Amino acid sequence: MTKPDRLQITVLGATGSIGTSTLDVVARHPDRYQIHALTANTNVDEMLALCEKWKPRYAVMNDVASAGELSRSLLAKSNPAEVLSGESGLLAVVEDNEVDCVVAAIVGAAGLVSTLAAAKAGKRVLLANKEALVMSGRLFMDTARENDAVLMPVDSEHNAIFQCMPDCLTENHSSVKMTNQQASAGIERILLTASGGPFRTWSVDQLHDVTPEQAVNHPNWDMGRKISVDSATLMNKGLELIEAYWLFDMDIANIDVVIHPQSVIHSMVTYSDGSVLAQLGNPDMRTPIAHALAWPERIASGVEPLNIFDVAKLDFEQPDLSRFPCLRLCYEAIKKGGSAMIVLNAANEVAVAAFLDEKIGFNDIAILIEKTLNAANITEDVSTLEDIIEADAMARIITNEYISAKQ
Ligand code: NAD
Ligand code: MG
């Protein structure tokens with residue numbers, strides 16, 4: 001069978017914030033892109049609506065019951081999409097020979113195995129699921145490199161950094177091949193911008209009383225609940241620090257976090273001749289998604305052009321690690337190395353879920369992560385997927401025990 005002309009896309013996490021933005025961009029370019037498969041956790045109604053609109057070959061639900069319900073609904077509508085379930089379903093639609101591009105937009109560790117499989121299958125991987133890279137770091141980058149995957153950062157900061165990198169590093173390939181060449185290209189530092197989240201100016205006492213509703217209400221970006229809480233604690237910036245460390249093979253001492261409340265500059269790269277290159281735009285994920293889909297070409301994304309006169313003023317501040325200890329914990333986890341980043345990520349996922357369930361307070365998130373990092377056995381060797389999954393599972397047990405002890 002000959003391959004269709006249009007780029008065949010699998011969207012992992014199609015019902016989420018990034019999934020929705022991706023489909024919005026794809027809808028603008030029916031001549032270039034075709035949706036091959038869509039996946040979701042449990043929302044059958046939303047998946048049914050997406051299948052009606054996109055007519056994918058496959059639809060994957062996380063659990064068997066949701067998959068059965070979706071199958072029956074599709075049958076009633078004579079929709080021929082084949083329904084799969086669970087991790088085996090995700091792997092099938094990632095590894096499928098007909099698929100060119102995988103948008104990795106599942107949230108958290110749940111996306112690790114499928115995101116890694118996309119790299120192993122040598123696909124064009126649009127990486128939104130930063131937790132997968134934080135957990136698997138070197139294994140993920142090596143896998144992508146060995147299998148000629150084209151790794152495109154979707155996270156707005158990393159996409160901005162990629163855009164500010166010189167052509168000699170990104171030409172004909174992607175961030176995955178950018179190793180050890182920064183010095184000759186004159187790259188000195190990465191300036192990773194952060195909005196500072198909704199509580200940028202709040203005191204520790206005020207932070208104590210933050211509710212889940214306040215935490216998910218981000219001033220500039222409209223995102224899923226977990227990443228919104230991460231943005232409020234600055235854990236998101238810490239995870240992004242780790243993401244930049246792996247993606248661009250950059251020494252952590254050469255990455256600065258810069259609080260920039262307007263979220264207009266999405267990150268910067270400084271060069272040895274004194275130049276600082278920045279990527280600017282309205283805060284809308286459709287820009288990095290469109291860039292990552294079409295690179296090295298450019299396509300319309302539906303994002304309004306930035307009106308520089310409306311912006312008028314750009315502010316920059318140092319992050320305050322005492323009010324936002326999650327960022328400090330990320331620096332420490334990188335320095336510790338081994339399984340520390342996996343433990344940190346797992347503890348954060350468990351703590352954020354407990355915060356959203358109103359079992360713990362906002363400031364408890366960082367306290368629980370620190371306790372888990374101190375209690376866990378940090379191992380050096382996390383070179384296989386099994387090692388990573390084991391370290392993740394052990395950390396979750398420890399954090400859950402601390403949460404139970406608090407009740
Ligand atoms: P979201 O919560 O809006 O969507 C998550 C998606 O993953 C949904 O489609 C959901 O059905 C699916 N999912 C959740 N749990 C699952 C499971 N156990 N198994 C299978 N599928 C599951 O999240 P989001 O905001 O779109 O974020 C997705 C990823 O992109 C995260 O890793 C986040 O850090 C990253 N990211 C998001 C943004 C943003 O603006 N939203 C920006 C940069 C990076
Ligand atoms: Mg980001």
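Per-structure values
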{"read-out": "Check: the stretch 7-148 dipole with +1 on Lys, Arg Cβ and -1 on Asp, Glu Cβ, in debye", "value": "240 debye"}
{"read-out": "For Glu188, distant residues with modelled amide H under 5 Å away", "value": "Thr270, Tyr271, Ser272"}
{"read-out": "Karplus 3J(HN,Hα) series, Hz, for the stretch 66-74 with 6.51 cos²θ - 1.76 cosθ + 1.60 (x for Gly, Pro)", "value": "5, 4, x, 5, 5, 4, 5, 5, 5"}
{"read-out": "Estimated 222 nm signal from helices in the chain, with DSSP H stretches of n ≥ 4 weighted -39500 (n - 2.57), rounded to 500", "value": "-14000 deg cm²/dmol"}
{"read-out": "Among beta bridges that DSSP assigns inside the chain, antiparallel share in %, nearest 5", "value": "25 percent"}
{"read-out": "Within the stretch 199-327: Cβ-based charge dipole about Cα centre, in debye rounded to nearest 20 (Lys, Arg +1; Asp, Glu -1)", "value": "200 debye"}
{"read-out": "Cα gyration tensor shape for the chain, rounded if a/c is under 1.5, else prolate or oblate", "value": "rounded"}
{"read-out": "Of His218, Leu373, Ala395, farthest towards positive along the dipole that unit charges on Lys, Arg, Asp, Glu beta carbons give the chain", "value": "His218"}
{"read-out": "Rounded to the nearest 20 debye, dipole of the chain from Cβ charges on Lys, Arg, Asp, Glu", "value": "500 debye"}
{"read-out": "Overall form of the stretch 315-374 per C-alpha gyration tensor (a/c, 1.5; a/b vs b/c)", "value": "oblate"}
{"read-out": "Accessible area per residue, Å², the chain with all protein chains present, probe 1.4 Å", "value": "42 Å²"}
{"read-out": "Separation of the Glu297 and Asn217 label points, Cα + 7 Å toward Cβ, nm", "value": "4.3 nm"}
{"read-out": "Fluctuation leader among Ala132, Ala393, Ala346 - the chain, Gaussian network, Cα springs under 10 angstrom", "value": "Ala393"}
{"read-out": "Set Lys53/Lys130; Lys130/Lys237; Lys226/Lys336 screened for pairs whose C-alpha atoms are more than 18 Å apart", "value": "Lys53/Lys130; Lys226/Lys336"}
{"read-out": "DSSP loop trypsin sites (Lys or Arg not before Pro) with at most 16 other Cβ within 10 Å: longest gap in the chain", "value": "78-297"}
{"read-out": "Amide H partners (placed H, <5 Å) of Gly196, local residues excluded", "value": "His260"}
{"read-out": "Relative contact order (%) - the stretch 284-347, alpha-carbon pairs under 8 angstrom, separation at least six", "value": "17 percent"}
{"read-out": "The chain - percent of accessible surface contributed by carbon and sulfur, probe 1.4 Å", "value": "49 percent"}
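The values are calculated or read from the model by the stated rules, or taken from the named source; none is laboratory data. Treat the numbers as computed from the prediction; the structure is a model and nothing was measured. When we count neighbours, we look across all protein chains shown, and the Cβ atoms used for this are built from the backbone with ideal geometry, even at glycine. Accessible surface is based on the protein model in full, side chains and every heavy atom, while ligands, DNA and RNA are left aside. Shrake-Rupley method; radii C 1.70, N 1.55, O 1.52, S 1.80 Å.
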